[in-house]
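To start, the structure under review is shown below, and the notes come after it.
The values are calculated or read from the model by the stated rules, or taken from the named source; none is laboratory data. Values in this document were obtained by computation on a predicted structure and should not be read as measured data. Note: ideal-geometry Cβ built from the backbone for every residue, glycine included; neighbour counts use all protein chains shown.
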Amino acid sequence: MGGVYRFLLTPRWWGINVFVLLAIPFCVFMGSWQLSRFEARVDDHRDAKAQAESARTDPARPLAELLPVDKATSGRQATATGRYGEQLLVPGRELAGKNGFYVLTLLRVDGGRALPVVRGWLPGRADAAKAPAPPAGEVTVTGALQASEQPGDDGVSARGGLPAGQTAAISAASLVNLVPDDLYDAWITLDTAGPGMTAVPAKAAAGTGLDLKAFQNLGYTGEWFVFAGFVVFMWFRLLRREAESARDARLGILPEEPAAAGAPVAAGSPDRAQDEASTPVR
């Protein structure tokens, strides 16, 4: 190794080199991992779209065969038989760019458990007087199976303090304090809405859409690769500056540092001799 680069063997540069050798693979690994997360979300989105298309033509299956709800069963056509019970409203839900509310009715099936059923959507503010009464007697319903909602999800309000007979989210956790029934941790939206209402389309399973999180993964991918490039750039810049300083030192052309203000002047120096000559003798 040439004398100019002999500084690479110093403890300081050993530490710098070890840091660079560890930082670059780490940044590349993290960038690749974030890219794989984005690609997985793209694949999930593609699969969810294909599943939604097939769900429209697949025959409906009994509810029990599709539980618990996951990515494979979300959106599938399910049937259940029972009697309608308590009816609730879900305010603040948009459909076709208009604000309105869902009409949610509990279907008590065999065994005493209740299945939340979205019978349709109505425009305007939530008003129980606008919601049609559910059919009496035993009914068989068919609709798209959906997982319980989480407050804060897309279109799901997290606010509380709603009037009696209303709920912000359709989930067993949100309904458990509003109704006395033992609830399924799932719900369905009817293919054919009740009189005067509009059918509510099924939502894709959580984590299968190209949402903000997916594009955050893509953004993080770019950031990690930029970090890797920045580490390489800074290493070369520091190496070049150190090499130039070492070369200048060998050639003896390093700039001299000016003497600090107030520093004592060595005896015999021209500056001191000049000062002594200019001092008057008393």
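How do the strands (runs of 3 or more DSSP E) wholly within the range 80-183 filter down when requiring 1 or more residues that are within 19 Å of Val200 (Cα to Cα) and without any contact (Cβ under 8 Å) to a residue 12 or more places away in the chain: which remain? Steps first, answer last, please.
Details: elements: 98-109, 113-123, 138-147.
Those strands (runs of 3 or more DSSP E) do not exist here; none qualify.
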* Asked: Pick from the range 196-219 the residues that are surrounded by 15 or more Cβ atoms within 10 Å (Cβ to Cβ) and at pLDDT 90 or above: which of them is nearest to Ala128 (Cα to Cα)?
  -> Met197
